[in-house]
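Notes to accompany the following structure.
The values are calculated or read from the model by the stated rules, or taken from the named source; none is laboratory data. Model, not experiment: these values are computed from the prediction. Every residue, glycine as well, gets a Cβ built from its backbone with ideal geometry; the counts of neighbours run over all protein chains shown.
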Amino acid sequence: MMLISGQPDGRSEHRIAQCGLDSWSLGDTCHSTVGGWQGMLGSGQEAMHELSVTQSLLEIALRHAQEAGAERVTDLYLVIGEWSSIIDDSVQFYWDMVAQGTPAEGARLHFERLPARAACGACGQEFAPGGGSLLCPACGSSQLRVLSGDQFQLESIAIEPARPNPQAEAP
């Protein structure tokens, strides 16, 4: 098994995809969606959103697996922020459908949730929003800047390398 993953030091391995709260992934590029915060709060478009996200995950995983000479994809490691509009169970549900008949069929999805962090635009205080309040605990301002927790990232995939064809090597 081989792991293809994102490395912060820029080694030959690379980040596969990372998108924020108002975006989804197609290939390695993030695109803006309609709805922004409404998508997180329930605009009624979650099902279609997760289907397109899951289809993009499959395309990205298959492309990177093919580039690495893989026979199949065995695992995908996803990092999802607390404020991301992505719902784990929906992605898993769609994954089981869209991956059928591909080298990624049967691959396990591993979800890691990251907590939200924000900074106050008025006083600069960094904090972890909680309890349903989006106000700065230091000054009460509602001017937030999201520091983390809105990301959706396919961090890495695990693959089975293709087996060499013994007949191709025979003289």
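Laid out as a table, the results:
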{"read-out": "In region 72-101, residue farthest from ALA162 (Cα to Cα) [restricted to those that are of a type in the set (Ser, Thr, Tyr) and assigned to a helix (DSSP H, G or I)]", "value": "SER90"}
{"read-out": "Residue match in region 142-150 (condition: closer than 30 Å to ARG163 by Cβ, touching a strand residue (DSSP E or B) at 6+ places or on another chain (Cβ under 6 Å) and surrounded by 13 or more Cβ atoms within 10 Å (Cβ to Cβ))", "value": "no"}
{"read-out": "Single condition TRP95 does not satisfy, out of (1) at pLDDT 95 or above; (2) out of contact with any strand residue (DSSP E or B) (no Cβ under 8 Å at 6 or more places or on another chain)", "value": "(2)"}
{"read-out": "Residue selected from region 53-88 under the condition in contact with a helix residue (DSSP H, G or I) (Cβ under 9 Å, 6 or more places away or on another chain) and not aliphatic (A, V, I, L, M), by the criterion farthest from GLN151 (Cα to Cα)", "value": "GLU71"}
